[in-house]
Each structure stands twice: as structure tokens, then as C-alpha cells.
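Structure first, then comments.
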2 protein chains.
Amino acid sequence: MQQRVLVDMDEVIADVESAMKRWYKQKYGGDMDYTGALNGGSLVKGFPEAHQAEVRQLLFEPGFFRNLPVIENSVEVLEQMNKQYEVFLVSAAMEFPNSLREKYDWLQEHFPFFTWHQIVLCGSKKMAQADFLIDDHAKHFQYFNGKPYLFSAPHNLNENQFARINNWKEAAEIFLK
Amino acid sequence: MQQRVLVDMDEVIADVESAMKRWYKQKYGGDMDYTGALNGGSLVKGFPEAHQAEVRQLLFEPGFFRNLPVIENSVEVLEQMNKQYEVFLVSAAMEFPNSLREKYDWLQEHFPFFTWHQIVLCGSKKMAQADFLIDDHAKHFQYFNGKPYLFSAPHNLNENQFARINNWKEAAEIFLK
């Protein structure tokens with residue numbers, strides 16, 4: 001029986017950070033300041049406090065999730081992993097209801113080898129059972145029984161309780177030996 | 001710790017059957033013939049073969065899932081269950097991508113006591129782990145480790161491998177003792 005791997009979307013295969021940074025640079029000319037974002041929580045904390053509400057509002061804008069860039073090497077590595085593992089894309093998308101269809105369409109475009117059977121859009125990941133979970137939010141590991149891997153993102157760089165994957169080449173070394 | 005209950009949507013809390021029947025009666029003047037639908041699979045099989053493709057197309061129509069009637073007593077019983085159990089609404093909605101946002105909005109309207117944390121829209125339910133699963137499709141029980149309850153629907157009346165719940169009053173007797 002194939003081992004099951006749950007793969008998060010935002011900040012693991014979909015590049016929310018660069019989309020926010022691009023928008024911010026165009027609007028305010030500044031860059032993200034990672035120091036405020038390093039202790040978990042949202043990427044939004046990486047922007048000046050006065051602009052955080054506005055940056056967060058991006059997540060509710062139609063088209064935001066549909067147009068996210070793909071994280072480097074995620075397509076190639078997941079295409080191989082999909083042959084050896086039972087892969088589910090599990091995204092805590094329910095807080096952003098406009099993202100639901102957009103995430104589906106985004107996956108169809110960039111990861112056409114995944115079928116709709118493999119997509120899970122949820123609020124909590126507590127009910128999801130698997131051998132592995134690759135996620136940028138350590139909060140999702142709290143109830144997870146399998147082996148968790150923290151996918152590096154600016155907001156989790158101070159987290160040191162979990163095995164870490166810094167990029168998809170490292171994921172390939174772990175999962176595609 | 002609260003026990004976890006997964007509750008399916010279509011044909012368990014959302015009345016797909018009556019919506020299909022209403023549409024069919026208006027268009028063709030006929031009724032559903034249950035005999036063809038009794039051995040699992042889709043409710044669509046309850047309509048004359050010549051019209052099945054057209055009935056199935058309803059599932060892809062914008063607004064279809066948003067406007068489904070609520071199954072009798074499901075609101076009252078689930079509101080109580082929600083106080084005693086960890087309830088997740090788990091719907092294999094991914095085959096019908098237009099239904100994703102509609103199911104979210106439908107739940108907000110009819111089951112406002114559920115939060116977005118409790119909604120799971122997926123393709124397969126294989127990764128979902130719980131103590132109980134209430135579903136009208138026995139196929140979802142194949143990989144389920146908890147106790148499954150088959151919620152009666154025309155397409156599953158010949159299925160006799162599983163404990164059955166015929167309506168939400170019976171569910172209340174089981175879960176709200």
C-alpha cells in the first residue's frame with residue numbers, strides 16, 4: 001500500500017509571499033520586513049503595521065489565489081511523488097471562500113496530474129490522517145499522527161520543533177530516494 | 001475529548017433528490033422511478049435513461065447546490081450534536097467545482113452554528129479520520145476506521161452491510177441519548 005502524503009498549498013506550492021510583496025512594492029514602494037513575521041502566524045505581519053489590514057484584504061480579492069506563482073520545483077517533484085505516494089493537496093482555504101474555486105482552477109492549470117479526488121479544501125486539518133504532512137504552519141501538526149515536515153517560510157524560521165524542508169529539491173531527497 | 005462525527009452533505013442534510021424531482025416534473029411531467037436507482041451509484045439512475053445525462057447536467061448548473069432544500073430535522077439535531085461532538089461537514093464536492101462556494105454559502109445560511117473550521121470539501125474521503133461517519137454512499141466506508149452509519153437515500157435501500165439511519169430523528173436517538 002502506498003504511503004499517504006498531505007501537501008499544503010499556500011507557501012508550500014503556491015507563492016503567496018511573492019504575490020504580496022509584488023503588490024506591496026507597487027503600492028508603497030517598500031519591501032517586506034521579515035523580522036516581525038518570524039514567530040508563526042501570518043505572512044501579513046511582515047508588512048508595516050499600518051498596512052497590514054490592507055495586505056490581509058488581498059486574501060479576499062477575487063483572482064488573488066488564482067494568479068499565485070508556483071513555488072520552484074514543486075511541479076516536477078510532486079509529479080514524481082504522485083507516482084510513488086498517495087498524495088492529497090490539503091489546504092485550509094475555508095476562511096477565504098472566494099479562494100475555493102480559484103484553488104481548484106489553479107491546481108488544474110499548474111498540477112494537471114492531480115485529479116479532483118486528491119484535493120481537500122478545509123478549515124481545520126485535524127480530521128486528516130496520513131503518513132506525512134508537508135506544511136508551513138506548525139499549528140497543523142498539533143493533532144497530526146504521522147510525520148510532519150515544516151516547509152520553510154518567513155513566518156516559521158524560528159520554529160525548531162519539527163523536521164524541516166527548505167525547498168522542493170530537499171523534498172525530493174527525502175521522498176524520492 | 002469530544003468524539004468526532006463526519007457528516008456528509010448531499011442526500012444527508014441537502015436534499016438533492018427533491019430538487020432533481022422538482023426539475024424533472026416541471027420539464028417532463030414525470031416522477032422518479034426508484035427501482036433503477038436502488039443499487040448504489042447516483043440518484044440520476046432514478047430517471048429514464050434517455051434523460052439521465054440531462055439530469056446529471058443539473059449538478060454542474062450554477063445555483064443548483066446553493067438552492068437545495070434542507071433535509072428535515074437536520075438543522076435542529078445537528079445544532080444539538082454540535083454541542084456534544086466535534087462535527088465536520090465532509091462533502092465530496094470536488095467533482096462539481098461550481099458547488100464549492102455554493103456549499104459554503106448554503107451552510108452559512110442554513111447551519112450558521114457551524115464555523116468554516118468545520119467544513120471539508122474534498123474528492124475522496126479516504127484521508128478523513130473520525131469516530132463516526134454519516135453518509136448516504138457506502139463507498140466512503142471502505143477506508144473508514146470509525147463506525148459508519150448509512151443515511152437512507154433511494155440509491156442505497158438495497159445496501160445491508162451497515163448500520164442505517166433513516167432520518168434525523170433516528171440520528172438524534174443514536175447521538176443525543
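The values are calculated or read from the model by the stated rules, or taken from the named source; none is laboratory data. Note that the coordinates shown come from a computational prediction; the quantities given were computed from them, not determined experimentally. No Cβ is skipped: glycine too gets one built from the backbone with ideal geometry, and neighbour counts run over all protein chains shown.
Check B:73, B:39 and return the single one that is out of contact with any Ser or Thr (no Cβ under 8 Å at 6 or more places or on another chain), away from chain A (no Cβ under 14 Å) and on the phi > 0 side of the Ramachandran plot. Break it down stepwise before answering.
Numbers: B:39 fails: on the phi > 0 side of the Ramachandran plot.
The unique qualifying residue is B:73.
Please count how many residues of the range B:87-106 are facing chain A (nearest Cβ under 9 Å) and assigned to a strand (DSSP E or B).
Summing the residues that are facing chain A (nearest Cβ under 9 Å) and assigned to a strand (DSSP E or B) in the range B:87-106 gives 2.
Does residue B:28 meet the test of being without any contact (Cβ under 8 Å) to a residue 40 or more places away in the chain and out of contact with any Ser or Thr (no Cβ under 8 Å at 6 or more places or on another chain)? Talk me through it step by step, then tell me what you get.
Values: without any contact (Cβ under 8 Å) to a residue 40 or more places away in the chain: yes; out of contact with any Ser or Thr (no Cβ under 8 Å at 6 or more places or on another chain): yes.
When the stated conditions are applied, residue B:28 passes them.
Kindly provide the set of residues from the range A:112-122 that are surrounded by fewer than 20 Cβ atoms within 10 Å (Cβ to Cβ) and touching a residue at least 24 places away in the same chain (Cβ under 8 Å), ordered by number. Lay out the reasoning, then the answer.
Residues of the range A:112-122 surrounded by fewer than 20 Cβ atoms within 10 Å (Cβ to Cβ): A:112-117.
Answer for the range A:112-122, where residues must be surrounded by fewer than 20 Cβ atoms within 10 Å (Cβ to Cβ) and touching a residue at least 24 places away in the same chain (Cβ under 8 Å): A:113, A:114.
Can you tell me which of (1) loosely packed, with under 14 Cβ neighbours inside 10 Å; (2) within 7 Å of another protein chain (Cβ to nearest Cβ) is the one residue A:109 doesn't meet?
(2)
Take the residues of the range A:1-27 that are farther than 17 Å from residue A:175 by Cβ and basic (Lys, Arg): which is surrounded by the most Cβ atoms within 10 Å (Cβ to Cβ)?
Kept after step one, since they are farther than 17 Å from residue A:175 by Cβ, are these residues of the range A:1-27: A:9-11, A:14-27.
If we keep only those that are basic (Lys, Arg) too, we end up with A:21-22, A:25, A:27.
Values: A:21: 19, A:22: 12, A:25: 12, A:27: 11.
Checked the range A:1-27; the qualifying residue surrounded by the most Cβ atoms within 10 Å (Cβ to Cβ) is A:21.
Restrict the check to the range B:21-38 and report whether at least one residue is acidic (Asp, Glu), out of contact with any strand residue (DSSP E or B) (no Cβ under 7 Å at 6 or more places or on another chain) and at pLDDT 95 or above. Show your work before the answer.
Just the residues of the range B:21-38 that are acidic (Asp, Glu), to begin with: B:31, B:33.
If we keep only those that are out of contact with any strand residue (DSSP E or B) (no Cβ under 7 Å at 6 or more places or on another chain) as well, we get B:31, B:33.
Then keep just the ones that are at pLDDT 95 or above; that gives none.
Within the range B:21-38 (the criterion being acidic (Asp, Glu), out of contact with any strand residue (DSSP E or B) (no Cβ under 7 Å at 6 or more places or on another chain) and at pLDDT 95 or above), the answer is no, since none of the residues qualifies.
Please state which one of A:44, A:5, A:77 is over 20 Å from residue A:100 (Cβ atoms) and in a strand (DSSP E or B). Step through it out loud before you land on a result.
Values: A:44 fails: in a strand (DSSP E or B); A:77 fails: in a strand (DSSP E or B).
Among A:44, A:5, A:77, only A:5 is over 20 Å from residue A:100 (Cβ atoms) and in a strand (DSSP E or B).
Those residues that are in contact with a strand residue (DSSP E or B) (Cβ under 7 Å, 6 or more places away or on another chain) and either more than 7 Å from chain B (Cβ to nearest Cβ) or in a loop (DSSP other than H, G, I, E, B) (or both), I need them from the range A:112-124; list them, please. Steps first, answer last, please.
So in the range A:112-124, the residues in contact with a strand residue (DSSP E or B) (Cβ under 7 Å, 6 or more places away or on another chain) come out as A:114, A:118-123.
The answer is A:114, A:123.
Please go through the range A:33-87 and pick out each residue that is over 18 Å from residue A:11 (Cα atoms) and touching a residue at least 60 places away in the same chain (Cβ under 8 Å).
A:80, A:81, A:84, A:85, A:86
Could you look through the range A:125-140, keep only residues that are under 14 Å from the mean Cα position of the chain (by Cα) and either in a loop (DSSP other than H, G, I, E, B) or surrounded by fewer than 19 Cβ atoms within 10 Å (Cβ to Cβ) (or both), and pick out the one that is nearest to the other protein chains (Cβ to nearest Cβ)? If you could, list the steps in order and put the result at the bottom.
From the range A:125-140, those under 14 Å from the mean Cα position of the chain (by Cα) are A:125, A:133-140; that's our starting set.
With either in a loop (DSSP other than H, G, I, E, B) or surrounded by fewer than 19 Cβ atoms within 10 Å (Cβ to Cβ) (or both) added as a condition, the list becomes A:125, A:136-139.
Working: A:125: 9, A:136: 18, A:137: 14, A:138: 17, A:139: 12 Å.
Among those residues, the one meeting the criterion is A:125.
Out of (1) away from chain B (no Cβ under 12 Å); (2) under 16 Å from the mean Cα position of the chain (by Cα), what's the single condition that is false for residue A:84?
Failed condition: (2).
Could you tell me which of the residues B:152, B:99 is outside the structural domain of residue B:44 (by TED's automatic domain parsing), at pLDDT 95 or above, under 12 Å from the mean Cα position of the chain (by Cα) and under 17 Å from residue B:16 (Cα atoms)? Steps first, answer last, please.
Working: B:99 fails: under 12 Å from the mean Cα position of the chain (by Cα).
Residue meeting the stated conditions: B:152.
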